[in-house]
Amino acid sequence: MKLEVFTEIINKIIKQSDKVHALYELDIDLINYSDDHNSVINILLEVYYGKDGADWISWYLWERDPVGTIDQATTNDGKPICYDIQSLWEEVEQCRLDNTKEYELPVRLTDEEKLEVLNMIKNGKGFTC
């Protein structure tokens, strides 16, 4: 994918997230409305870039310190990576080239399994802090 296309995609994801957050601040919660849309985007990114590439994109969008003072990504030899959109693109393009696995949809829990998990949570079983 060309850098200019990748940049447009990342900027649109950020812009959409900012809009949803602004509405949330006004007590308008659209998270359930936008979940399926976000899932499609995440699946497409993982299909194209592989799991590692999609994980880097997710980290860049939602976890990194945008100021760059803490929690920055580096290579094993300490070289900074994924510090801006271009360096993120360079990293995920390499992930795309290295990816040899075909994407597989996650296995969904059955209704019975969901109920079992909810009962475990309700009863405080199986979880430790």
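Points worth noting:
- Yes/no for Asp29 being in a loop (DSSP other than H, G, I, E, B) and modelled with pLDDT under 90: yes
- Leading residue by the ranking (farthest from Ile13 (Cα to Cα)) among those in the range 61-83 that are surrounded by fewer than 13 Cβ atoms within 10 Å (Cβ to Cβ) and charged (D, E, K, R): Asp77
- Any pair with Cβ under 6 angstrom, 6 or more apart, that starts in the range 4-28 at a residue that is more than 16 Å from Ala54 (Cα to Cα) and ends at one that is outside any helix (DSSP H, G or I): Val20/Leu30; Leu23/Leu30
- Qualifying position, being modelled with pLDDT of 90 or more, under 27 Å from Gln16 (Cα atoms) and part of a loop (DSSP other than H, G, I, E, B), among Tyr83, Tyr60: Tyr83
- Positions within the range 102-119 being surrounded by fewer than 10 Cβ atoms within 10 Å (Cβ to Cβ) and in a loop (DSSP other than H, G, I, E, B), in sequence order: Glu102, Glu104, Leu105, Pro106, Val107, Arg108, Thr110
- Just one of the numbered conditions (1) without any contact (Cβ under 8 Å) to a residue 40 or more places away in the chain; (2) outside any loop (DSSP other than H, G, I, E, B); (3) in contact with a Leu (Cβ under 6 Å, 6 or more places away or on another chain) is not true of Asn42: (3).
- Filter result (over 11 Å from the mean Cα position of the chain (by Cα) and β-branched (Val, Ile, Thr)) within the range 32-52: Val40, Val47
The values are calculated or read from the model by the stated rules, or taken from the named source; none is laboratory data. In this text the structure is predicted, and so the values were computed from the model without any measurement. Every residue, glycine among them, receives a Cβ derived from its backbone with ideal geometry; neighbour counts consider all protein chains shown.
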